[in-house]
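The values are calculated or read from the model by the stated rules, or taken from the named source; none is laboratory data. Here the structure is a predicted model, which means the values were calculated and not measured. As a convention, Cβ positions derive from the backbone with ideal geometry for all residues, glycine included, and neighbour counts pool all protein chains shown.
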């Protein structure tokens, strides 16, 4: 980021940065503690973006990112908080919005993106038919912890990619396995106390810990590249 620029604003797209996204989400979830007001989260990713860069060049790729960012800002409405999460991945926070309404908003945006025509500035060629995939999770239905919402939105995005791309997918209830003798009695007692203090389910905390472990060894990133 160049000196003098807004550290909360992505230099290329003008959207919130990844850090600003996390700071904003932390603040909103803190306000939502103890209440059931919805907060939706949508991860959006450009399909086959590397092919766009390879075929048209990185300048054209940047034009695509800027055009998509503009479409995201337009589609998010006055209450949506759009961010550039990194590379060709974006995320929108929808405070106070149920996930079904968020789904309709993102689906309309997905269709609008397909209809965009972007000038490449190279050989007079245009880029059209751009495809995006998206995954949506919602507080408190899909989880009350930040890590839970991020994981479920990310997995919904993964399913959208893995089932043919160009789709919007909602988070869904995952098959859970019961706690077993892998944990000591002391660990379970501490887990119960922590869950009470955090106002979260024990299963949510265990999944958060497991996600941290998998992330430490890069397993989540490997899965996303499949």
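Some points to look at:
- The residues in region 105-123 that are modelled with pLDDT of 90 or more and surrounded by fewer than 17 Cβ atoms within 10 Å (Cβ to Cβ) can be counted, and the count is 8.
- Filter pass, residue 126 being closer than 25 Å to residue 70 by Cβ, modelled with pLDDT of 90 or more, out of contact with any helix residue (DSSP H, G or I) (no Cβ under 7 Å at 6 or more places or on another chain) and assigned by TED's automatic domain parsing to the domain that holds residue 70: no
- Counting only residues that are over 17 Å from residue 171 (Cβ atoms), within 13 Å of the chain's Cα centre (by Cα) and not in a strand (DSSP E or B), region 81-107 holds 2 of them.
- Helices (runs of 4 or more DSSP H) wholly inside region 161-226 containing at least 3 residues that are under 19 Å from residue 146 (Cβ atoms), at pLDDT 70 or above and not assigned by TED's automatic domain parsing to the domain that holds residue 88: 185-198, 202-216
- Odd one out for residue 64 among (1) touching a strand residue (DSSP E or B) at 6+ places or on another chain (Cβ under 7 Å); (2) more than 24 Å from residue 165 (Cβ to Cβ): (2)
- Test result for residue 79, in the same structural domain as residue 143 (by TED's automatic domain parsing), touching a strand residue (DSSP E or B) at 6+ places or on another chain (Cβ under 8 Å) and modelled with pLDDT under 95: yes
- Selection over region 35-48 of residues that are in contact with a helix residue (DSSP H, G or I) (Cβ under 7 Å, 6 or more places away or on another chain) and more than 30 Å from residue 200 (Cβ to Cβ) gives a count of 1.
- Matching helices (runs of 4 or more DSSP H) fully within region 7-80 where at least 3 residues are farther than 26 Å from residue 119 by Cβ and under 17 Å from the mean Cα position of the chain (by Cα): 18-32
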